[in-house]
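Student: Below you will find the structure I want to go over with you.
The values are calculated or read from the model by the stated rules, or taken from the named source; none is laboratory data. Computed from a predicted structure; not experimentally measured. Here the Cβ is made from the backbone with ideal geometry for all residues, glycine too, and neighbour counts use every protein chain on show.
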Amino acid sequence: MAPPVFDGAGGLVQATVDGVTHLNELVRFDAAGVATWTLPLSAQAVKVVLAGPGKLVYASVDGLVALDAMTGAELWRTTLPLEPTDLAGDGAGGVAVLGGDLAGCQAMAVRRYDAAGVFLWSRLIRASGSCMGAPVGAGIAIATDGDVVVVGGLSAPTDLGTGEFQPRTGAGFILDLAR
(Lines give C-alpha, C1' and ligand atoms only; values in the text may rest on other atoms or scores of the structure.)
Protein backbone atom coordinates (compact mmCIF):
# COMPACT_ATOMS: atom_id res chain seq x y z
CA MET A 1 0.00 0.00 0.00
CA ALA A 2 1.01 3.58 -0.56
CA PRO A 3 1.38 5.89 2.45
CA PRO A 4 -1.97 7.33 3.57
CA VAL A 5 -2.86 10.96 2.86
CA PHE A 6 -4.58 12.89 5.64
CA ASP A 7 -7.38 14.74 3.91
CA GLY A 8 -7.61 17.88 6.04
CA ALA A 9 -11.22 17.01 6.90
CA GLY A 10 -10.64 14.60 9.79
CA GLY A 11 -10.05 11.46 7.74
CA LEU A 12 -7.42 9.81 5.64
CA VAL A 13 -7.27 8.40 2.16
CA GLN A 14 -5.46 5.13 1.52
CA ALA A 15 -4.39 4.10 -1.97
CA THR A 16 -3.97 0.46 -2.90
CA VAL A 17 -1.13 -0.44 -5.26
CA ASP A 18 -1.21 -2.87 -8.18
CA GLY A 19 1.86 -4.73 -7.00
CA VAL A 20 4.26 -2.57 -9.00
CA THR A 21 4.02 1.21 -8.78
CA HIS A 22 0.56 2.29 -9.87
CA LEU A 23 -2.44 3.03 -7.66
CA ASN A 24 -5.55 0.88 -8.13
CA GLU A 25 -8.11 2.65 -5.98
CA LEU A 26 -8.56 5.30 -3.32
CA VAL A 27 -10.48 4.61 -0.10
CA ARG A 28 -11.39 7.38 2.38
CA PHE A 29 -11.73 6.50 6.05
CA ASP A 30 -13.36 8.84 8.56
CA ALA A 31 -11.92 9.52 12.05
CA ALA A 32 -13.60 6.35 13.38
CA GLY A 33 -11.94 4.20 10.69
CA VAL A 34 -15.12 3.66 8.67
CA ALA A 35 -14.75 3.68 4.87
CA THR A 36 -16.87 6.54 3.53
CA TRP A 37 -16.07 6.24 -0.19
CA THR A 38 -14.06 4.15 -2.63
CA LEU A 39 -12.88 5.28 -6.05
CA PRO A 40 -11.43 2.81 -8.56
CA LEU A 41 -8.69 4.35 -10.70
CA SER A 42 -8.78 3.44 -14.38
CA ALA A 43 -5.34 4.56 -15.52
CA GLN A 44 -1.82 4.29 -14.18
CA ALA A 45 -2.09 6.67 -11.23
CA VAL A 46 1.22 7.44 -9.54
CA LYS A 47 0.42 9.57 -6.50
CA VAL A 48 -2.35 11.28 -4.53
CA VAL A 49 -1.70 14.47 -2.54
CA LEU A 50 -3.57 16.93 -0.36
CA ALA A 51 -3.84 20.22 -2.26
CA GLY A 52 -5.44 22.80 -0.02
CA PRO A 53 -8.07 22.18 2.65
CA GLY A 54 -10.31 19.22 1.85
CA LYS A 55 -9.06 18.67 -1.73
CA LEU A 56 -7.15 15.67 -3.05
CA VAL A 57 -5.42 15.52 -6.42
CA TYR A 58 -4.05 12.46 -8.15
CA ALA A 59 -1.90 12.16 -11.27
CA SER A 60 -2.17 9.42 -13.88
CA VAL A 61 -1.43 8.93 -17.57
CA ASP A 62 -4.96 10.27 -18.15
CA GLY A 63 -4.10 13.56 -16.42
CA LEU A 64 -4.69 15.33 -13.13
CA VAL A 65 -7.93 14.84 -11.22
CA ALA A 66 -9.04 16.85 -8.17
CA LEU A 67 -11.49 15.33 -5.70
CA ASP A 68 -13.51 16.62 -2.78
CA ALA A 69 -11.92 14.79 0.16
CA MET A 70 -15.21 14.35 2.07
CA THR A 71 -17.29 12.93 -0.78
CA GLY A 72 -14.84 11.74 -3.45
CA ALA A 73 -16.70 13.86 -6.01
CA GLU A 74 -14.63 15.07 -8.94
CA LEU A 75 -13.91 18.82 -8.81
CA TRP A 76 -11.88 19.17 -11.99
CA ARG A 77 -9.83 17.18 -14.48
CA THR A 78 -7.12 18.17 -16.95
CA THR A 79 -4.99 16.21 -19.41
CA LEU A 80 -1.21 16.13 -19.18
CA PRO A 81 1.31 16.24 -22.05
CA LEU A 82 3.72 14.16 -19.95
CA GLU A 83 3.90 10.82 -18.21
CA PRO A 84 3.75 11.73 -14.50
CA THR A 85 6.22 10.31 -12.01
CA ASP A 86 5.58 12.55 -8.98
CA LEU A 87 3.14 15.17 -7.73
CA ALA A 88 3.12 17.86 -5.03
CA GLY A 89 0.30 19.98 -3.62
CA ASP A 90 0.36 23.36 -1.88
CA GLY A 91 -1.78 24.87 0.86
CA ALA A 92 -3.68 27.04 -1.62
CA GLY A 93 -4.90 24.07 -3.67
CA GLY A 94 -2.38 24.24 -6.51
CA VAL A 95 -0.24 21.35 -7.72
CA ALA A 96 3.03 20.73 -9.51
CA VAL A 97 3.63 17.59 -11.53
CA LEU A 98 6.92 16.01 -12.60
CA GLY A 99 7.34 13.54 -15.43
CA GLY A 100 8.76 12.61 -18.77
CA ASP A 101 7.87 14.52 -21.92
CA LEU A 102 5.66 12.68 -24.41
CA ALA A 103 6.65 14.83 -27.41
CA GLY A 104 9.53 12.83 -28.84
CA CYS A 105 12.97 13.70 -27.51
CA GLN A 106 13.59 12.50 -23.96
CA ALA A 107 13.16 15.35 -21.50
CA MET A 108 12.18 15.99 -17.91
CA ALA A 109 8.99 18.02 -17.67
CA VAL A 110 7.59 20.10 -14.80
CA ARG A 111 4.13 21.70 -14.95
CA ARG A 112 2.33 23.96 -12.46
CA TYR A 113 -1.46 24.30 -12.05
CA ASP A 114 -3.56 26.56 -9.85
CA ALA A 115 -6.34 25.49 -7.44
CA ALA A 116 -8.91 25.33 -10.27
CA GLY A 117 -6.69 23.11 -12.45
CA VAL A 118 -5.71 25.98 -14.75
CA PHE A 119 -2.25 25.57 -16.30
CA LEU A 120 0.21 28.25 -15.07
CA TRP A 121 3.64 27.36 -16.47
CA SER A 122 5.92 24.54 -17.57
CA ARG A 123 9.61 23.80 -17.81
CA LEU A 124 11.11 21.22 -20.17
CA ILE A 125 14.73 20.21 -19.52
CA ARG A 126 16.75 18.09 -21.96
CA ALA A 127 20.33 16.96 -22.22
CA SER A 128 22.34 19.51 -24.24
CA GLY A 129 22.66 18.63 -27.94
CA SER A 130 21.21 15.15 -27.65
CA CYS A 131 17.99 13.25 -27.16
CA MET A 132 19.81 10.77 -24.94
CA GLY A 133 20.70 11.18 -21.29
CA ALA A 134 17.86 13.49 -20.29
CA PRO A 135 17.74 14.50 -16.63
CA VAL A 136 15.62 12.16 -14.55
CA GLY A 137 13.44 13.75 -11.91
CA ALA A 138 13.16 11.73 -8.71
CA GLY A 139 10.90 13.97 -6.63
CA ILE A 140 9.03 17.26 -6.54
CA ALA A 141 7.86 19.59 -3.76
CA ILE A 142 6.30 23.04 -3.46
CA ALA A 143 8.04 25.37 -1.01
CA THR A 144 6.01 27.66 1.26
CA ASP A 145 6.92 30.61 -0.98
CA GLY A 146 5.40 28.82 -4.01
CA ASP A 147 8.68 27.81 -5.65
CA VAL A 148 8.74 24.32 -7.13
CA VAL A 149 11.75 22.22 -6.12
CA VAL A 150 12.83 19.18 -8.14
CA VAL A 151 15.52 16.63 -7.26
CA GLY A 152 16.97 14.10 -9.66
CA GLY A 153 19.96 12.79 -11.53
CA LEU A 154 21.99 13.65 -14.64
CA SER A 155 24.01 11.47 -16.99
CA ALA A 156 24.72 13.90 -19.85
CA PRO A 157 25.61 17.61 -20.17
CA THR A 158 22.50 19.62 -19.29
CA ASP A 159 21.59 23.28 -18.81
CA LEU A 160 19.42 23.56 -15.68
CA GLY A 161 19.08 27.32 -16.18
CA THR A 162 22.52 28.59 -15.16
CA GLY A 163 24.63 27.29 -18.05
CA GLU A 164 25.65 23.84 -19.15
CA PHE A 165 26.61 21.46 -16.37
CA GLN A 166 29.00 18.57 -17.14
CA PRO A 167 27.96 15.80 -14.72
CA ARG A 168 30.14 13.07 -13.32
CA THR A 169 28.71 9.57 -13.24
CA GLY A 170 25.59 9.51 -11.10
CA ALA A 171 25.49 13.29 -10.57
CA GLY A 172 22.44 14.57 -8.74
CA PHE A 173 20.72 17.94 -8.80
CA ILE A 174 18.38 20.11 -6.77
CA LEU A 175 16.52 22.59 -8.98
CA ASP A 176 14.52 25.52 -7.56
CA LEU A 177 12.04 26.78 -10.14
CA ALA A 178 11.00 30.20 -8.89
CA ARG A 179 7.38 31.01 -9.45
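Student: Run down GLY19, GLY8 and say which single residue is at pLDDT below 80, surrounded by 12 or more Cβ atoms within 10 Å (Cβ to Cβ) and on the phi > 0 side of the Ramachandran plot.
Tutor: After ruling out the rest, the residue left standing is GLY8.
Student: Which condition from (1) part of a strand (DSSP E or B); (2) within 13 Å of the chain's Cα centre (by Cα) is the one that LEU80 breaks?
Tutor: That leaves (1) as the condition not met.
Residues checked against (1) touching a residue at least 40 places away in the same chain (Cβ under 8 Å); (2) in contact with a His (Cβ under 9 Å, 6 or more places away or on another chain); (3) surrounded by fewer than 17 Cβ atoms within 10 Å (Cβ to Cβ); (4) over 24 Å from ASP7 (Cβ atoms):
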| position | (1), (2), (3), (4) |
| --- | --- |
| LEU64 | yes, no, no, no |
| ALA69 | yes, no, no, no |
| GLY72 | yes, no, yes, no |
| ARG77 | yes, no, yes, no |
| THR85 | yes, no, no, no |
| ALA127 | no, no, no, yes |
| GLY137 | yes, no, no, yes |
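This table checks each residue for (1) in contact with a Gly (Cβ under 7 Å, 6 or more places away or on another chain); (2) more than 28 Å from PRO135 (Cα to Cα); (3) among the hydroxyl-bearing types (Ser, Thr, Tyr).
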{"site": "ALA35", "(1), (2), (3)": "no, yes, no"}
{"site": "VAL48", "(1), (2), (3)": "no, no, no"}
{"site": "THR79", "(1), (2), (3)": "yes, no, yes"}
{"site": "LEU82", "(1), (2), (3)": "yes, no, no"}
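Student: Among the residues of the stretch 120-151, which ones are touching a Pro at 6+ places or on another chain (Cβ under 9 Å) and at positive phi?
Tutor: GLY129, GLY133
Student: Name the residue that is nearest to ALA141 (Cα to Cα), counting only residues in the stretch 9-55 that are β-branched (Val, Ile, Thr) and free of Cβ contacts under 8 Å to residues at least 12 places away in the same chain. Lay out the reasoning, then the answer.
Tutor: Our first condition is that a residue be β-branched (Val, Ile, Thr); within the stretch 9-55, this holds for 13, 16-17, 20-21, 27, 34, 36, 38, 46, 48-49.
In the following step, the residues that additionally are free of Cβ contacts under 8 Å to residues at least 12 places away in the same chain were identified as 20, 34.
Details: VAL20: 23, VAL34: 31 Å.
Ranking the candidates gives VAL20 first.
Student: Output the residues belonging to the stretch 32-61 that are over 13 Å from the mean Cα position of the chain (by Cα), part of a loop (DSSP other than H, G, I, E, B) and buried (at least 16 other Cβ atoms within 10 Å of the Cβ).
Tutor: Of everything in the stretch 32-61, those that are over 13 Å from the mean Cα position of the chain (by Cα), part of a loop (DSSP other than H, G, I, E, B) and buried (at least 16 other Cβ atoms within 10 Å of the Cβ) turn out to be GLY52, GLY54.
Student: Return yes or no: is ILE174 of a type in the set (A, V, I, L, M, F, W, C) and over 24 Å from VAL61 (Cα atoms)?
Tutor: Details: of a type in the set (A, V, I, L, M, F, W, C): yes; over 24 Å from VAL61 (Cα atoms): yes.
Against the criterion (of a type in the set (A, V, I, L, M, F, W, C) and over 24 Å from VAL61 (Cα atoms)), ILE174 qualifies.
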